[in-house]
Amino acid sequence: MDPMISKRRLLVGLGGLICTPAVGLAQPGLTPIPMERHEKAMRLAIEQGRKNPYYPYGAVIVRAATGELMAEGANETQSNPVLHGEIVCMNDYVRKRGNRDWEQMLLYTTCEPCPMCMMALVWAKIGGVVFASSSFGAVAASIGGVPSKLSAQDVVDSTSYYKPMLLGGVLAAETDAMFSNRKRF
């Protein structure tokens, strides 16, 4: 499948479900979320991403109902290959809040989660995932290719266990530039 078709399908196909004018819906049972609040939380994820100028993958978890910051994390793969920003953030959440209430939480991340991170979020039963850059655009160009042909939506579609809400492209122009201009070794 062409990655751009996949991204377009994600953004347009889910658009009716997730984004009505200025409002995003999360998992059933979560209240609609104004786009301004999505952008505010994404800016927090971008702050986390800036902590690693080489790999600016940052993430935050917020309470969907209030926007309260619950956890944060930045890529730490220099010390451990599985410590992607989302995993570091999930670990921070569990350390601070315990392994509970995932359904009421949203994870915001500077880049579309890889299959490992997306499956961890599915297993946790997170309420939703909001990402900025697509894995198939500026990020792929920045790191020299697409690490996986599986999109976050592909991972969600492949499981009957749980299907969190997905929303992509929030502040993508900012994060695309951040990935394009990242430091190189």
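Tally up the carbon and sulfur contribution to the accessible surface of region 97-185 as a whole percent, 1.4 Å probe, everything protein left in place.
Numbers: 1980 of 3640 Å².
Within region 97-185, the accessible surface is 54 percent carbon and sulfur.
Take the alpha carbon atoms of region 112-185, find their center, do the same for region 35-54, and report the distance between the two centers in whole angstrom.
14
Can you list the aspartates and glutamates whose alpha carbon is less than 14 Å from that of LYS163, not counting same-chain residues fewer than 8 positions off?
GLU103, ASP154
Please give me, ordered by residue number, the trypsin sites (Lys or Arg not before Pro) of region 29-118 that lie in loop per DSSP and have at most 11 other Cβ atoms within 10 Å. Intermediate results must be reported in sequence, preceding the final value.
Values: sites: ARG37, LYS40, ARG43, ARG50, LYS51, ARG63, ARG95, LYS96, ARG97, ARG100; in loops: ARG50, LYS51, ARG100.
Listed in order of number, the matching sites are ARG100.
Which of rounded, prolate, oblate describes region 74-165, given a ≥ b ≥ c as roots of the alpha-carbon gyration tensor eigenvalues and a/c under 1.5 marking rounded, otherwise prolate only if a/b is larger than b/c?
On the way: a/c = 2.01, a/b = 1.28, b/c = 1.56.
Oblate, because a/c is 1.5 or more while a/b does not exceed b/c.
Any idea of the accessible area per residue across region 75-152, 1.4 Å probe, to the nearest Å²? Before the final figure, lay out each step's value.
On the way: 3150 Å² over 78 residues.
That works out to 40 Å² for each residue.
Could you name the lysines in cross-link range of LYS183, using Cα to Cα under 27 Å and dropping any fewer than eight places away on the same chain?
Straight-distance partners of LYS183: LYS7, LYS40, LYS51, LYS149.
The values are calculated or read from the model by the stated rules, or taken from the named source; none is laboratory data. These figures come from a predicted structure and were not determined experimentally. Note: ideal-geometry Cβ built from the backbone for every residue, glycine included; neighbour counts use all protein chains shown. For accessibility, only protein heavy atoms count, side chains too; no ligands or nucleic acids. Shrake-Rupley method; radii C 1.70, N 1.55, O 1.52, S 1.80 Å.
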